[in-house]
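Here the structure comes first, spelled out in structure tokens, and everything after it is commentary.
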Amino acid sequence: MKNKNWVDFVTVYRKKHDSDTKDVYDLDYMNAFRLMMDAIGQYPDKEFGVVNRRTRILRAYRYVVMAVTFMCETLCITYAWKNRKTLDFFILGHLYGNIMTTAVLIQRSTLPYQKSFRSLLQRFISKYHLIHLEYESDFVKQEHIRISKFCRIVTMILSLQIFCGVATFNLVPLYNNYRAGMFSDNKPENATLDHAVFFELPFDYTTEVSAGYFAVVVFNFYPCFNVSCGLCAYDGLINILVFHVWGHFNIIVHKLRTFPKLSLEDFQQQDLVQEFNKQAFLKLKNIIQHYQFLKEFMSETSAAFETTLCAYLSFHQLNGCVLLLECSALTAAALGKYLVLTIVVFEQLIQTCMIFEQINSKSERLADQVYDLPWEQMDVKNRKIVLVLLRNVQNTLSVKALGVLPVGVMTMSAIIRTTVSYFVLLNTI
């Protein structure tokens, strides 16, 4: 019965405007998100009934990406383990950072195989997206436009981070090698060639500028691009989902704030009071349906991303410390290679947690908006409905990592404080 109500809720306006309703992928930021997902074969086209040559190639390519990622992770771990006693501390930190980042991509690569993720993406495209409600009122249409602007900005930033991250991470080692004189006839003795990623390989590519060296340099662009796309695409999806949750909250708050009230003179007229209670019942029903709809949306989001958010926060906790250690060398080479990456990583943490915090704060203030309804002018039936709604909204809605840890400003500040503490501790050893 609930599912039927939710379907009715999102289709009641679409049925009236079928000829005008746009497809979700008419929006540029949704196309950009899909392009990022397709770049690593992660978009589940089959769930939307799209089966053609292109989708079959992308599904096969998904396995290629996963195989290459597993291979790179294995070879990188092997290289770090075999050379742990001889490598420089900062090189080891670089390797650990690569290993952790690739591990995050491996975890996220499993999402298209999870039913909860596929179901969430399908329902978001077909039901939860604000485009399906924009004909409800002018406010909803304006809210959809506003949320779309936020999503567009975030998607543009993440797209820029992909290319800047890949370019910086791979070109800086080349510049470092050139600056160190590794390409000259009189190269330094016992010098080691710098790389974006180090692997355990059966040929020498760290001391001699050979065909093997250039092969590794060119190849490194590929896994770096995959990792950047994987991190930014899923970060973008999470941000888009959270922005739409925020939009639904704003719409519910607007409905509560614009709830009709009777003047003192009108309250004395029985026919106006009866008409008010009829309208109040319909509006309360709409608000409760929308709140249940939003609650289901957040529940599905938490179920699909609870493990991903846990891995994401753990990654920031560990990798942030490693990046700060790398930057602490304060050399031009270290800052050129890691400063931009460090800024991007911390920016993504702050951005994501701040967006989640908006949901938490909206949810906490919702009870006050419900209590401000003119319940004293309603009949007993409507007062009972208001009481039920008030009890429901007093339970704060939030997206949680592993269903336990709420994601927000407090979590972000705890991660940053702990990261800085670990950095100070390790830097003094």
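For the reader, a short list of remarks on this structure follows.
- Subset of the stretch 150-182 (residues that are in contact (Cβ under 8 Å) with a residue 40 or more places away in the chain, over 26 Å from I238 (Cβ atoms) and not aliphatic (A, V, I, L, M)): N170, P173, Y175, N176, R179
- Residues of the stretch 346-371 that are touching a Lys or Arg at 6+ places or on another chain (Cβ under 8 Å) and either outside any helix (DSSP H, G or I) or surrounded by fewer than 16 Cβ atoms within 10 Å (Cβ to Cβ) (or both): none at all.
- Boolean, E200 is farther than 23 Å from K384 by Cα, touching a helix residue (DSSP H, G or I) at 6+ places or on another chain (Cβ under 7 Å) and part of a loop (DSSP other than H, G, I, E, B): yes
- Applying the condition of being in contact (Cβ under 8 Å) with a residue 12 or more places away in the chain and out of contact with any helix residue (DSSP H, G or I) (no Cβ under 9 Å at 6 or more places or on another chain) to the stretch 64-90 and asking which residue is surrounded by the most Cβ atoms within 10 Å (Cβ to Cβ) yields L75.
- Selection count where residues are surrounded by fewer than 20 Cβ atoms within 10 Å (Cβ to Cβ), out of contact with any Lys or Arg (no Cβ under 9 Å at 6 or more places or on another chain) and of a type in the set (S, T, N, Q), scope the stretch 285-340: 7
- Note on the stretch 188-207: residues that are more than 26 Å from F315 (Cα to Cα) and in contact (Cβ under 8 Å) with a residue 12 or more places away in the chain total 7.
- Test result for T428, β-branched (V, I, T) and closer than 30 Å to F305 by Cβ: no
- When L237, L262, L272 are screened for being assigned to a helix (DSSP H, G or I), surrounded by 13 or more Cβ atoms within 10 Å (Cβ to Cβ) and touching a residue at least 12 places away in the same chain (Cβ under 8 Å), only L237 passes.
- Among the residues of the stretch 18-54, those that are surrounded by fewer than 17 Cβ atoms within 10 Å (Cβ to Cβ), over 21 Å from I147 (Cα atoms) and at pLDDT 85 or above comprise R53, R54.
- Only one entry of F169, F117 meets the criterion of being of a type outside the set (A, V, I, L, M), assigned to a helix (DSSP H, G or I), within 24 Å of H316 (Cα to Cα) and modelled with pLDDT of 90 or more, and that entry is F117.
- Among (1) at pLDDT 90 or above; (2) under 30 Å from P173 (Cβ atoms); (3) buried (at least 21 other Cβ atoms within 10 Å of the Cβ) - the single one A103 does not satisfy: (3)
- The numbered conditions (1) part of a helix (DSSP H, G or I); (2) in contact (Cβ under 8 Å) with a residue 24 or more places away in the chain; (3) not hydroxyl-bearing (S, T, Y) are all true for I343 except (2).
- Positions within the stretch 111-137 being hydroxyl-bearing (S, T, Y) and under 19 Å from G49 (Cα atoms), in sequence order: Y113, S116, S119, S126, Y128
- Total residues in the stretch 56-85, condition in a helix (DSSP H, G or I) and either closer than 20 Å to A196 by Cα or at pLDDT below 85 (or both): 18
- For the stretch 120-166, filtering for residues that are loosely packed, with under 15 Cβ neighbours inside 10 Å and either among the small types (G, A, S) or outside any helix (DSSP H, G or I) (or both) leaves 1.
- Looking only at residues in the stretch 388-426 that are without any contact (Cβ under 8 Å) to a residue 12 or more places away in the chain and among the aliphatic types (A, V, I, L, M), the one that is surrounded by the fewest Cβ atoms within 10 Å (Cβ to Cβ) is V404.
- Residues of the stretch 395-429 satisfying the condition of being within 21 Å of A367 (Cβ to Cβ) and part of a helix (DSSP H, G or I): V409, M410
- Screening V216 against (1) hydrophobic (A, V, I, L, M, F, W, C); (2) closer than 30 Å to S398 by Cα; (3) buried (at least 18 other Cβ atoms within 10 Å of the Cβ) leaves a single unmet condition, (2).
The values are calculated or read from the model by the stated rules, or taken from the named source; none is laboratory data. Just so it is clear, the model here is predicted, and its values are computed rather than measured. All Cβ positions, glycine included, derive from the backbone under ideal geometry; neighbour counts span all protein chains shown.
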